[in-house]
Amino acid sequence: MISLRTFISILFAGCFTFMSWLNFTPTANALGGKLPAINQPGPGFTLPTNTGDDKIALSDLRGQWVVLYFYPKDFTSGCTIEARHFQQDLPKYLEENTQIIGVSADDIDSHAEFCDSEGLKFPLLADTNGAVSKVYGSWIGYVSMRHSLIIDPQGVIQETFVKVNPNIHSTEV
């Protein structure tokens, strides 16, 4: 008699072999998609923001460094910790001509409440349909995955951070 573990292993191997036979290659979309390449221009976007600017485009930020960070949800523990650390370090970023921009699928009202409750002085962008998160390889179903990119003053991606630890990420950047 065959064990359940053996049966599942055989089934998995058979499925993998069948997909290989069909020349099926799994994409990275299941884990957020493919990150844009380093040393390439960051994909352009325009998104609504909780600030008085109404919308912010990546092109509006030319001439300064940008830390573009994607996060899952306002008011969750990891996202709150990460945002607090970026706010704490904001004077250091501003001294280096660097703008912090947060992106999540939350709407602008949620962002406004989050900024008010945490005293955040940098913009959060509302990517409610995930279009920008998808282009930046961050979309996982209905939320953005936690990762960041550093974009130089010419709009070129210089660094990416995946598997971000919100406790140390601002210092790491």
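So here's what we get for this one:
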item: Largest-first ordering by accessible area, 1.4 Å probe, given options Lys34, Lys134, Lys92; result: Lys34, Lys92, Lys134
item: Rounded to 5, percent antiparallel among DSSP beta bridges of the stretch 33-173; result: 65
item: Tensor-based shape of the stretch 116-173 (alpha-carbon gyration tensor, a/c under 1.5 rounded, otherwise prolate or oblate); result: rounded
item: Cα gyration tensor, the stretch 47-173 - rounded (a/c under 1.5), prolate or oblate; result: rounded
item: Protein accessible area in the stretch 28-173, 1.4 Å probe - carbon and sulfur %; result: 51
item: Qualifying chymotrypsin sites (Phe, Trp or Tyr not before Pro) in the stretch 37-112, DSSP loop, other Cβ atoms within 10 Å at most 13; result: Phe75
item: Cut-off 14 Å between beta-carbons: net charge of the residues surrounding Leu58, Lys and Arg +1, Asp and Glu -1; result: -2
item: Cα-centre dipole for the stretch 23-147 with unit charges at Cβ (Lys and Arg positive, Asp and Glu negative), debye to 20; result: 560
item: Per residue value of the accessible surface for the stretch 81-146 (all protein chains in place, 1.4 Å probe), Å²; result: 46
item: Cα principal axis extents for the stretch 55-115, largest first, Å; result: 31, 24, 16
item: For Trp139, net neighbour charge (Lys/Arg +1, Asp/Glu -1) across residues whose Cβ lies under 13 Å away; result: +2
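The values are calculated or read from the model by the stated rules, or taken from the named source; none is laboratory data. Quick caveat: nothing in here was measured; it's all calculated off a predicted structure. For neighbour counting, all protein chains shown are included, and Cβ atoms are generated from backbone atoms with ideal geometry for every residue, glycine included. In case anyone asks, the SASA skips ligands and DNA or RNA and just uses the protein heavy atoms, side chains included. Shrake-Rupley method; radii C 1.70, N 1.55, O 1.52, S 1.80 Å.
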